[in-house]
Amino acid sequence: MDVPLISNQDIYMNIALIKEYHEDMPRRQAQRLAVEYLERVDLEHIAYKRNPALNPEERFCGMLLRAAMVKDAMILIDQPFKIIPHLKDIQFITTALKKIDDLYLNCHIYDYQWMEEKYGEL
C-alpha cells in the first residue's frame, strides 16, 4: 500500500510507465504490453479505469503488474491481507503470481505470524 498507483492515470498507463521510463520503450509498445499483461490476469476490462475506481483485487493486480515491469523484478508483498482484507486465504494472490511468473525473478511475501492460517501449505 506504500507504493500506490498514480491516481490520475489509467491502470494501463500506470503499468506502461515503468517500461517507458526504465527501458526507453516506445509509448505505444509499452501500452500494448500493459494491456496484454492485464489480459493474462483476466483484467483487461480495467485498462481504462483509474485507481479510485478499482476494487481491492484489481488494485492489487495493478500494483503487482507494475512491480513486475521492472527488468529482473524481485517482488515483495507486505501484508497482502491488508491490501485485500476480505480474502479468506492466499489462493487469489498465488494464482495471480502464477499467471505472470515469467515476468519476475522471485517473490517474497511477508506477514505477521498470527496470519499464518490464511497461508495454508504455502
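Listed values, structure above:
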read-out	value
Output for region 17-69, where each listed residue is open to solvent by 40 Å² or more (accessible area, probe 1.4 Å) and assigned to a loop (DSSP other than H, G, I, E, B)	Asp24, Pro26, Asp42, Tyr48, Lys49, Asn55
Which listed residue is closer than 18 Å to Ile11 by Cβ and touching a residue at least 40 places away in the same chain (Cβ under 8 Å), from Lys49, Lys99, Lys82, Lys71	Lys99
Among the candidates Leu97, Leu105, residue that is outside any loop (DSSP other than H, G, I, E, B), modelled with pLDDT of 95 or more and crowded, with 16+ Cβ neighbours inside 10 Å	Leu97
Residues of region 70-94 that turn out to be among the charged types (D, E, K, R) and not in a loop (DSSP other than H, G, I, E, B), as a count	2
Count of region 59-74 residues which are charged (D, E, K, R) and under 8 Å from the mean Cα position of the chain (by Cα)	2
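The values are calculated or read from the model by the stated rules, or taken from the named source; none is laboratory data. Since the structure is predicted, the reported quantities are computational estimates derived from the model, not experimental observations. Using ideal geometry, Cβ is built from the backbone for each residue, glycine included, and neighbour counts are taken over all protein chains shown. Ligands, DNA and RNA are stripped out before the accessible areas are found, and what is left, the full protein with its side chains, is counted by its heavy atoms. Shrake-Rupley method; radii C 1.70, N 1.55, O 1.52, S 1.80 Å.
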